[in-house]
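> This structure is in structure tokens; I'll ask about it shortly.
Since every read-out is calculated from the coordinates, none of them should be taken as a lab result. In this text the structure is predicted, and so the values were computed from the model without any measurement. Glycine also receives a Cβ, built like all others from the backbone with ideal geometry; neighbour counts cover every protein chain displayed.
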Amino acid sequence: MKQDFPIRYVNPVFRPPSEAQSLILPVTDGCSWNRCTYCEMYTAPQKKFRARDEQETLDSIRRCGELYASEVQRVFLGDGDAMVLSTRRLMDLLAAIKQHLPRVRRISSYCLPRNLRNKTVQELTELRAAGLDLAYIGAESGDDEVLQRVNKGETFESTCAALDKLGAAGITRSVMLLNGLGGRLLTGQHARNSARLANATQPEFLATLVVSFPQGEQRFRQGFPEWEPLDQQELFVEMEQFLQALDLKRTVFRSDHASNWLVLKGVLGAEKERLLQQVRTAIGQPQAARLRPDWQRGL
């Protein structure tokens with residue numbers, strides 16, 4: 001990377017798939033929790049959590065404006081934990097983006113539910129008015145036992161509370177769940193309670209990924225030694241149980257991440273029956289389901 005690039009990145013850098021065209025603007029490094037045993041995103045030594053120096057970030061926004069003001073239309077606030085910053089700091093950053101990158105039409109961020117415990121709906125409403133449009137919440141499961149086993153540090157209730165706050169403030173919510181996270185032992189309750197979480201909060205977007213461990217399962221198994229991975233067929237059965245239990249009014253659903261064998265896209269509940277039929281075809285006639293080949297799958 002050129003030395004004069006206006007943003008200092010600490011690799012590896014992550015962002016949601018839908019932020020592929022966004023300017024990635026780190027306002028923190030790493031994740032303030034970083035204890036979830038399924039997550040390998042911020043375990044590299046150089047990713048130790050810290051809030052970025054505020055002036056450095058403001059200077060990066062100003063320089064991006066000087067170089068790219070006519071090009072940037074979306075900004076993603078990185079790393080894994082931008083919403084841990086105080087409302088005052090976030091407001092200052094949003095104001096700088098508005099000033100120096102006037103063509104920006106969407107600003108988004110990852111958000112841990114714990115980030116919002118000390119933020120009021122009024123504060124979130126002010127952040128929304130200042131330009132924060134979308135929050136990505138890695139709920140992973142709605143089942144308290146699964147959440148405890150993977151050291152998520154959240155519960156069904158804490159995740160609901162955060163999603164309800166965001167919704168009340170008018171911030172669009174994109175919720176991510178992990179297919180297979182409960183393994184064979186907890187698959188049924190993982191599916192049912194994850195659907196219960198979605199039903200209770202009615203997020204605007206809902207996505208599922210398949211749990212995977214490119215760096216191995218040792219860290220994960222320390223808290224969940226009896227975990228057994230679901231095979232392809234069992235993942236589809238869990239997905240059927242999850243979809244069947246959903247009662248959503250109008251949520252855009254995506255299960256098209258590269259980790260998934262079966263690509264599902266639709267609006268719930270309008271297209272629930274079509275999606276269920278796709279899953280049932282994958283269960284009963286996998287050769288007719290147009291599954292993604294193994295070589296195309298990944299994180």
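> Quick check on my filter: what residues within the stretch 245-257 are surrounded by 15 or more Cβ atoms within 10 Å (Cβ to Cβ) and of a type outside the set (Asp, Glu)?
ALA245, LEU246, LEU248, THR251, VAL252, PHE253, ARG254, SER255, HIS257
> Within the stretch 129-157, work out how many residues are at negative phi and surrounded by fewer than 18 Cβ atoms within 10 Å (Cβ to Cβ).
Result for the stretch 129-157: 8.
> Let me ask you something else. Taking the stated definitions as given, is THR187 under 21 Å from GLY167 (Cα atoms) and of a type in the set (Ser, Thr, Tyr)?
Answer is no for this residue.
> When you scan the stretch 258-278, do you find a residue that is among the polar types (S, T, N, Q), part of a helix (DSSP H, G or I) and either buried (at least 17 other Cβ atoms within 10 Å of the Cβ) or out of contact with any Asp or Glu (no Cβ under 7 Å at 6 or more places or on another chain) (or both), even just one?
yes
> Do we find that PHE205 is within 16 Å of GLU140 (Cα to Cα) and of a type in the set (Phe, Trp, Tyr) in this structure?
yes
> Starting from residues that are surrounded by fewer than 24 Cβ atoms within 10 Å (Cβ to Cβ) and among the hydrophobic types (A, V, I, L, M, F, W, C), keep the ones in the stretch 164-175 and report whichever is nearest to ASN199 (Cα to Cα).
ALA168
> Of the residues that make up the stretch 212-230, is at least one in contact with a helix residue (DSSP H, G or I) (Cβ under 7 Å, 6 or more places away or on another chain), crowded, with 19+ Cβ neighbours inside 10 Å and not in a loop (DSSP other than H, G, I, E, B)?
Checked against the condition, which is being in contact with a helix residue (DSSP H, G or I) (Cβ under 7 Å, 6 or more places away or on another chain), crowded, with 19+ Cβ neighbours inside 10 Å and not in a loop (DSSP other than H, G, I, E, B), the stretch 212-230 yields no hits at all.
> For the stretch 181-211: of the residues being hydrophobic (A, V, I, L, M, F, W, C) and not in a helix (DSSP H, G or I), which is surrounded by the most Cβ atoms within 10 Å (Cβ to Cβ)?
That would be LEU181.
One line per residue, one yes/no per condition, for (1) over 21 Å from PRO113 (Cα atoms); (2) touching a residue at least 24 places away in the same chain (Cβ under 8 Å):
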position	(1), (2)
ASN193	no, yes
THR208	no, yes
PHE213	yes, yes
GLU217	yes, no
GLU228	yes, yes
GLN233	yes, yes
LYS249	yes, yes
PHE253	no, yes
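> Find all pairs meeting these conditions: Cβ atoms under 6 angstrom apart; at least six residues apart or on different chains; first residue within the stretch 280-299 and assigned to a helix (DSSP H, G or I); second residue surrounded by 11 or more Cβ atoms within 10 Å (Cβ to Cβ).
THR281/ALA289; ALA282/PHE236; ALA282/LEU262; ALA282/ALA289; ILE283/PHE236; ALA288/THR281
> Can you spot a residue in the stretch 244-254 that is part of a loop (DSSP other than H, G, I, E, B), among the charged types (D, E, K, R) and closer than 19 Å to TYR136 by Cα?
Yes, the stretch 244-254 has at least one match.
> Within the stretch 228-252, how many residues turn out to be under 26 Å from LEU134 (Cβ atoms) and either of a type in the set (Lys, Arg) or in contact with a Ser or Thr (Cβ under 8 Å, 6 or more places away or on another chain) (or both)?
Summing the residues that are under 26 Å from LEU134 (Cβ atoms) and either of a type in the set (Lys, Arg) or in contact with a Ser or Thr (Cβ under 8 Å, 6 or more places away or on another chain) (or both) in the stretch 228-252 gives 4.
> Going by the conditions given, is VAL211 at negative phi, in contact with a Leu (Cβ under 7 Å, 6 or more places away or on another chain) and among the β-branched types (Val, Ile, Thr)?
Considered against the rule, which asks whether it is at negative phi, in contact with a Leu (Cβ under 7 Å, 6 or more places away or on another chain) and among the β-branched types (Val, Ile, Thr), VAL211 comes out as yes.
> Further, regarding this structure: Could you tell me which of the residues ALA44, ALA96 is touching a helix residue (DSSP H, G or I) at 6+ places or on another chain (Cβ under 6 Å) and either without any contact (Cβ under 8 Å) to a residue 60 or more places away in the chain or not polar (S, T, N, Q) (or both)?
Only one candidate passes the filter, namely ALA96.
> Among residues belonging to the stretch 20-32 that are touching a residue at least 40 places away in the same chain (Cβ under 8 Å) and surrounded by fewer than 20 Cβ atoms within 10 Å (Cβ to Cβ), point out the one that is nearest to ILE137 (Cα to Cα).
Applying the filter and picking the extreme gives SER32.
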